[in-house]
Amino acid sequence: MGVITDVRVRQPAKDDLVGRRFLVAGVGNGFEGTIGIRVLDGRGRVLAEDFAQSTGGMAAVGEFSTRVTVSSPPRDGTRLTVQVFGDNPGLPDEGPSPGFNLREIQVIMFADLQGWLLYRVERGDTLTAVVRKVRDFTRTTVAQVVAANPSITDPDVIRVGQRLRIPVKG
């Protein structure tokens, strides 16, 4: 039979900002419709594990979603890897580890994230000036703004019109 399995992640997307509890959603299938989810730190240590059930059941590709919680989150601005895969029943020497159709998404964690402001850089702005301008909305640091914006390769160089994500924390 030519039936194949697949997993596609729609949320989170690459470089999304996430809090300690965040949504993982997409389409896929796995053993008995189970989609496995893991969150890894930069050293490959598992910070959280969870699963979702695909609406497609055992063989069909269907939608899935769940909220994953990282109970001991790393410091704000840390890059993490979210792994999403079709569950492997865990039989010895059967299937890949951690599961089939592994997808990995890089995200940036701010544990108490409530959302973020979008700020358009104006003439004369520096990151320090931007942090001061948004102080009434959120307490953040230049280092956290840099971490939230992978397009910033040099904190001393931002462009007029550039859009910056400014984390809003609870």
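The values are calculated or read from the model by the stated rules, or taken from the named source; none is laboratory data. From a predicted model like this one, the values you see are computed outputs, not experimental measurements. A quick note on method: Cβ atoms are made from the backbone with ideal geometry, for glycine too, and the neighbour counts reach across all protein chains shown. Just so you know, the surface numbers come from the protein's heavy atoms only, side chains and all, with ligands and any DNA or RNA stripped out. Shrake-Rupley method; radii C 1.70, N 1.55, O 1.52, S 1.80 Å.
Figures for the structure shown
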{"quantity": "Dipole of the chain, positive end: most advanced residue of Ile158, Val7, Val70 [Cβ charges, Cα centre]", "calculated": "Ile158"}
{"quantity": "Within the range 119-158, trypsin sites (Lys or Arg not before Pro) in DSSP loop having at most 12 other beta-carbon neighbours inside 10 Å", "calculated": "Arg123, Arg135, Arg139"}
{"quantity": "Percent antiparallel among DSSP beta bridges (both partners in the chain, rounded to 5)", "calculated": "95"}
{"quantity": "HN-Hα J in Hz across the range 58-64 - Karplus 6.51, -1.76, 1.60, θ = phi - 60°, x for Gly and Pro", "calculated": "6, 10, 8, 6, x, 6, 9"}
{"quantity": "Relative contact order of the chain, pairs being alpha-carbon contacts under 8 Å that are 6 or more residues apart, as %", "calculated": "23"}
{"quantity": "Charged-residue dipole, Cβ positions (Lys, Arg, Asp, Glu), the chain about Cα centre, Debye nearest 20", "calculated": "940"}
{"quantity": "Inter-probe distance in nm under a simple model that places probes 7 Å from Cα toward Cβ, at Asp136 and Ala25", "calculated": "3.3"}
{"quantity": "Selection from Phe22, Gly36, Ser54 lying farthest towards where the dipole of the range 1-116 points positive, charges on Cβ", "calculated": "Phe22"}
{"quantity": "Sequence-distant residues sharing a close amide H with Asp16 (under 5 Å, placed H)", "calculated": "Ile108"}
{"quantity": "Built amide H within the under 5 Å cut-off of Arg10, gap 5+", "calculated": "Ala25, Gly26, Val27"}
{"quantity": "Calculated P(r) tail over 19 Å for the range 85-170, as whole % of Cα pairs", "calculated": "50"}
{"quantity": "For the range 37-170: accessible area per residue (Å², 1.4 Å)", "calculated": "58"}
{"quantity": "Rg ratio (alpha-carbon, reference 2.2 N^0.38 Å) - the chain", "calculated": "1.22"}
{"quantity": "Total formal charge among the other residues, if their Cβ is under 13 angstrom from that of Thr141, Lys/Arg +1 and Asp/Glu -1", "calculated": "+4"}
{"quantity": "Given the chain, longest segment not containing exposed loop GluC sites (Glu not before Pro) (DSSP; at most 14 other Cβ within 10 Å)", "calculated": "1-93"}
{"quantity": "Candidates per trypsin sites (Lys or Arg not before Pro) in the range 26-62, loop by DSSP, up to 11 other Cβ within 10 Å", "calculated": "Arg43, Arg45"}
{"quantity": "Separation of the Ser65 and Ser97 label points, Cα + 7 Å toward Cβ, nm", "calculated": "3.3"}
{"quantity": "Point-to-point label distance, Leu40-Thr78, nm (Cα→Cβ direction, 7 Å offset)", "calculated": "1.5"}
{"quantity": "Relative contact order of the range 1-77, pairs being alpha-carbon contacts under 8 Å that are 6 or more residues apart, as %", "calculated": "32"}
